Amino acid sequence: MSFRSFSFSRFSLLVLSLVAIFAFSYKALAEGESEDSSEARVRANLKNVIKSKVEHVKKTEYPGLYEVYTEGQLIYTNETASYILAGALFDAKTMRNLTEARMNKLMAIRFSDLPLKQAIKQVRGNGKRLLATFEDPNCGYCKRLAHEIAALDNVTIYVFLSPMLSEDSEVKARQIWCSADRARAWNDWMRDNKTPVGKGDCDTGAVRKNVELAQKLNIHGTPTLFFADGERFPGAAPLAQIEEKMNQAMK
């Protein structure tokens, strides 16, 4: 299934139009009718609209608007499935990307399922808090993240080398993996641009497996972070946000 891409301006107008449509056309559910039944009707109506498998339908907090999870993406519709919105949904007051936040929860994993032996491990302080990252050595946002998390304490960090950007990314990843002190080689390169001295001639199967793992987890960009509760965060988050999320994930 494919949907047309929208520019932000066109998308904003579409969202406003749909919100107006839903606000005026939405009718309250009949008394005694459960939310589950309305979601079931949406699912049934979607059969006449899309051919892909619908994983779930969920009523949102916005009147008349339902989220639909299908083929690894979220789309939105009304109860009769007479409108389909493909793209990111933003809260107009806060401009928070609601689609991204929801997808992060839907695509959460079990942290214990990660093959941690394929990662560069760093333990700081008591190491109780957990953070896993998928990173490309030549990723500018990853280098920004490296500076942000340099101040993290009482944490165990697992870095999964995932070269995606270029052939040089794979060369750098292999050099770092083959270094005598992988964590130091990684930090030296990411923070201080010190070229790794490893020859890259050791067993680098872990690097290849990390790339395959990233594909299985639908990771299409670096950095991608995973917290102890399995929730993911794409991108280089500021330190305060990472600290907050790590603390929440450990509760």
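Since every read-out is calculated from the coordinates, none of them should be taken as a lab result. Remember, predicted model here, so these are calculated numbers, not experimental data. Reconstructed Cβ throughout: ideal geometry from the backbone, glycine too, with neighbour counts over all protein chains shown.
For segment 111-249, the ratio of Cα radius of gyration to the globular rule of thumb 2.2 N^0.38 Å stands at 0.96. Label positions at residue 123 and residue 215, each projected 7 Å from the Cα along the C-beta direction, are separated by 3.4 nm.
Our coupling estimate for segment 61-66, obtained by passing each phi through the Karplus curve with A = 6.51, B = -1.76, C = 1.60 and θ = phi - 60°, is 6, 8, x, x, 10, 10 Hz, Gly and Pro reported as x.
Residue exposure proxy: 59, 47, 93, ordered by other Cβ atoms within 10 angstrom of their Cβ from fewest to most, comes out as 93, 47, 59.
Here's the picture: a label point sits 7 Å out from the Cα of residue 151 along the beta-carbon direction, and within segment 236-251 the residues with their amide nitrogen under 14 Å of it are 238-244. When the chain is treated as a GNM with alpha-carbon contacts under 10 Å, the residue of 60, 70, 133 showing the greatest mean-square fluctuation is 60.
For segment 94-185, taking Cα atoms only, Rg and Dmax work out to 14.8, 47 Å respectively. With the simple spin-label model, which puts each label point 7 Å out from Cα in the Cβ direction, the residue 116 to residue 208 separation comes to 2.6 nm.
Once each part is reduced to its C-alpha centroid, what is the distance from segment 185-203 to segment 205-251 in angstrom? Spelled out, the Cα-based centre of one part sits 21 Å from the other.
Apply 1/(1 + (r/R0)^6) to the Cβ-Cβ distance of residue 109 and residue 183, taking R0 = 30 Å, and write down the FRET efficiency to the nearest 0.05. Mind dumping the intermediate values first?
Details: r = 23 Å, r/R0 = 0.77.
Computed FRET efficiency for residue 109 and residue 183 comes out at 0.80.
Over 26 Å apart: what share of the alpha carbon pairs of the chain falls there, rounded to a whole percent? For the chain, the share of Cα pairs beyond 26 Å comes to 50 percent.
Could you list 143, 53, 172 in order of exposure, starting from the residue whose Cβ has the fewest other Cβ atoms within 10 Å? Display every interim value, and only then the final one.
Working: 143 19, 53 9, 172 25.
Arranged by neighbour count, lowest to highest, 143, 53, 172 become 53, 143, 172.
Between the alpha-carbon centres of segment 82-105 and segment 135-166 there is a gap of 27 Å. Treating cross-link reach as a plain straight distance, find the lysines whose alpha-carbon is under 30 Å from the alpha-carbon of residue 128, omitting any fewer than eight places away in the same chain. Residue 128 reaches 105, 117, 143, 172, 194, 209, 216, 245, 251. Comparing 68, 159, 49 in a Gaussian network model of the chain, where Cα atoms under 10 Å apart are tied by springs, the biggest mean-square fluctuation is seen for 49. Straight-distance candidates among the aspartates and glutamates for linking to residue 53, with alpha-carbon spacing under 12 Å and chain neighbours fewer than 8 residues away dropped: 71.
Note on the chain: with a GNM built from Cα contacts shorter than 10 Å, the maximum mean-square fluctuation among 95, 164, 107 falls on 95.
Which whole-number percentage describes the relative contact order of the chain, with Cα contacts under 8 Å and a sequence gap of 6 or more? Each step should come with its number before you reach the end.
Details: 388 pairs, mean separation 39.9, N = 251.
Relative CO of the chain lands at 16 percent.
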